[in-house]
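First the structure, in the form of structure tokens, and then the observations on it.
Quick note: the coordinates plus some simple rules give every number you see, no bench work behind them. Here the structure is a predicted model, which is why all the values come from computation and not from measurement. With ideal geometry, Cβ positions are generated from the backbone for all residues, glycine too; neighbour counts draw on all protein chains shown.
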Amino acid sequence: MTTTIAPKLLTSVQMAHFVSHGSLRLDAVVPPELNAEAVEVLRDGVRAAPHGTPATLAYPEGSFVRRLIELDELAGVLHSLVGPEPNIDHHAVHVRQPREGQAQPLHADAIIDVRSDAFDVQLMYYPSEVTLEMGGTLSVPGSHLRRTNESDTGRYQNLRGQSRLVCPAGTVVFMHHGLWHGGRRNDSDSPRYMFKIRFNPTVRQRRLWDTSDLHDPRVAAELDADFPWYEHATGRLERYNRVLLWRSLTGDEDFDLEHWVTRVSNRPRGAAA
Amino acid sequence: MSAPRPVPASTVRQRLLVLYLSTSALDSAVVGWAHYDGTGRTSPTTGDSEEPPYATGVAALCDGWRLIQAAQLIPPYPGHEYEVSYLKHEFFFEKLVDLGDGR
């Protein structure tokens, strides 16, 4: 992937949005001609690559997927989140069949991941328009830092503020690998396609985006986002964990929101005069 | 000894409502919900509604749901005090429905 010069890097405000929400959505970012090609490509399937394959090897120059992820906007987001030359550890074409009767249980992909200084990113591409009836992906904003294991969250059918994806053709969602999500029941007469790739960073995820607005007050506002499904007290712990992730991403060990981390780290060692 | 009389098959079925609340108080706000229907008449599933069925746990009681289980308050494991995980304030309710002859 040609990401040495990433053309459209995220801003700090957008990165902060990703850190609080666990996803970034780009509507109709893929041009119609590529979407038209995608339907046939995805129907035929995309050749598997071993876990940990560099994206440039998994997707040869000129291939459909390579052209997709080299689109300016997508390459810029990928570079900002996982850096240059990421590996892929799997990809899959997900199809929600018409009238299939069941939704997926709410889940996070893979298993519990306790890394506080690294994360994988999943690209989810919808080549066709997704209506509410077609079973667009359900996701839960702000759930990505919860330490839960895969589909153990299946009991949670609905959470206040959940997102039921409805989008135009060519929409791409970048998702933190820990985000709770699931394919909803397709109550329409049309299949719903989605192509997903999981990217692993190969460099330290630190200041990989355009940091010129790092001190914009909107950064802290994004990081301080609340979500309607948070229990009141746990919502405070969510801020605590976001602060730790932002410190890791920026290298700024003094960053805080409302003193949440600083307060409980204060252990003066000096003796009183 | 006479043979035991056959027990008529029960026509009573359980409907379950699971509410997740903002605090451990039953009158706090609903933040999440799930339905399971033992009558088989409905098939609730993930992501099928946007608005909670009740504003609070007590509102469910007022509508005839019977509380059958409430989550305990368990201290965090030492060393894991700041971790976030599953929803803490989970309440199970039931309604018993008699299918009668129409099942």
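Quick notes on this structure:
- Computed [θ] at 222 nm, deg cm²/dmol, chain B (DSSP H ≥ 4; -39,500 (n - 2.57); rounded to nearest 500): -1500 deg cm²/dmol
- Extending 7 Å from the Cα toward the beta-carbon at both residue A:233 and residue A:44 defines two label points whose distance is 5.7 nm.
- Dipole size of chain A about its Cα centre, with +1 on Lys/Arg Cβ and -1 on Asp/Glu Cβ: approximately 760 debye, rounded to the nearest 20.
- Normalised by 2.2 N^0.38 Å, where N counts its residues, the alpha-carbon radius of gyration of the range B:13-102 equals 1.24.
- Across the range A:1-134, the volume of the C-alpha convex hull divided among the residues equals 146 Å³ per residue.
- Per-peptide average of other Cβ atoms within 10 Å, ordering A:136-146, A:174-184, B:47-57 highest first: A:136-146, A:174-184, B:47-57
- Among the trypsin sites (Lys or Arg not before Pro) in the range A:1-100, those placed in a DSSP loop whose Cβ has at most 13 other Cβ atoms within 10 Å are A:47, A:99.
- The modelled label-to-label distance between residue B:77 and residue A:25, using points 7 Å beyond Cα along the C-beta direction, is 3.5 nm.
- Stokes-Einstein D for the protein assembly as shown, Kirkwood Rh over Cα pairs, 20 °C, 1.002 mPa s (µm²/s): 94
- Near residue A:219, once Lys and Arg are set to +1 and Asp and Glu to -1 for all other residues with Cβ below 15 Å from its Cβ, the sum equals -4.
- Angle in degrees between helix A:32-44 and the longest Cα principal axis of chain A, rounded to the nearest 10: 80
- The local environment of residue A:133, defined by Cβ-Cβ distances under 15 Å, has a net charge of 0 under the rule Lys, Arg +1 and Asp, Glu -1.
- The slack between residue B:10 and residue B:51, meaning 0.36 nm per residue of separation minus the straight C-alpha distance, is 11.4 nm.
- Residue range of chain A that is longest and free of GluC sites (Glu not before Pro) which are both DSSP loop and sparsely packed (at most 15 other C-beta within 10 Å): A:101-252
- Among B:67, B:21, B:87, residue whose mean-square fluctuation peaks in a GNM of chain B (springs only between Cα atoms under 10 Å): B:87
- For the protein assembly as shown, with +1 on Lys and Arg beta carbons and -1 on Asp and Glu, the positive-most of B:3, A:157, B:69 along the dipole: B:3
- Using alpha-carbon coordinates, inclination of helix A:12-21 to the longest axis of chain A, degrees: 80
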